[in-house]
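The structure under discussion appears below in the form of structure tokens.
The values are calculated or read from the model by the stated rules, or taken from the named source; none is laboratory data. Values in this document were obtained by computation on a predicted structure and should not be read as measured data. We place every Cβ from the backbone using ideal geometry, glycine too, and count neighbours over all the protein chains shown. These accessible areas exclude ligands, DNA and RNA; they are computed on the full protein's heavy atoms, side chains included. Shrake-Rupley method; radii C 1.70, N 1.55, O 1.52, S 1.80 Å.
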Amino acid sequence: MMRRKTGLFLLLAAVAGLSGCEADRMSEKGFSLPEGNAMAGREAFVYMHCHECHTVVGEEFPAVAMADPPYVELGGKVTRVKTYGQLVTAIINPSHKLAQGYPAEQVANEGDESKMPVYNGYMTVQELIDIVAYLQPHYDVYVPQYEYRIYP
């Protein structure tokens, strides 16, 4: 009888443990890409024509004939860190979160669909990690200063 209870307990523990695996299946834990090369990332940024729609703070790119002026500025002063994961997501899933602070017609086609094409079928993983390595240092995180009124 004791053996059956122990066996039943182990079976339930195993089922409970395995059921937890499914809930964490889409977790970013353990996700890590290799280090990128910022110089190669800048080259990929130009090669992939990212500079047709984006500027990067402190950078100049070759002029693009017959292109509209760049709309979305990357880098600069931000109040939150642009994590590696956020930058990767912005590149491989541009509609996940549209750029804030810009008129909707500049960054979106219809509602929540980004104007940025999906390059997943054309961009190599190496190009992706190099572009992220290039962009990440261009963000300057600062703490905004607030004035608080002190009430007597």
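Give, as residue ranges, the strands (runs of 3 or more DSSP E) completely inside region 67-152 that count at least 1 residues that are in contact (Cβ under 8 Å) with a residue 40 or more places away in the chain, under 14 Å from the mean Cα position of the chain (by Cα) and surrounded by 11 or more Cβ atoms within 10 Å (Cβ to Cβ).
Values: elements: 72-74, 76-78, 139-141.
In region 67-152, 72-74, 139-141 are the strands (runs of 3 or more DSSP E) which contain 1 or more residues that are in contact (Cβ under 8 Å) with a residue 40 or more places away in the chain, under 14 Å from the mean Cα position of the chain (by Cα) and surrounded by 11 or more Cβ atoms within 10 Å (Cβ to Cβ).
Within region 37-66, which residues are within 21 Å of residue 115 (Cα to Cα), free of Cβ contacts under 8 Å to residues at least 24 places away in the same chain and assigned to a loop (DSSP other than H, G, I, E, B)?
Answer for region 37-66, where residues must be within 21 Å of residue 115 (Cα to Cα), free of Cβ contacts under 8 Å to residues at least 24 places away in the same chain and assigned to a loop (DSSP other than H, G, I, E, B): 49, 61, 63, 64, 65, 66.
For region 45-63, which positions are farther than 21 Å from residue 102 by Cβ and open to solvent by less than 40 Å² (accessible area, probe 1.4 Å)?
46
Can you find a residue that is modelled with pLDDT under 90 and in contact with a Gly (Cβ under 8 Å, 6 or more places away or on another chain) anywhere in region 14-25? Don't jump to the end; show me each part of the working.
The initial filter retains those residues of region 14-25 that are modelled with pLDDT under 90, namely 14-25.
From what's left, in contact with a Gly (Cβ under 8 Å, 6 or more places away or on another chain): none.
Taking every residue of region 14-25 in turn, none turns out to be modelled with pLDDT under 90 and in contact with a Gly (Cβ under 8 Å, 6 or more places away or on another chain).
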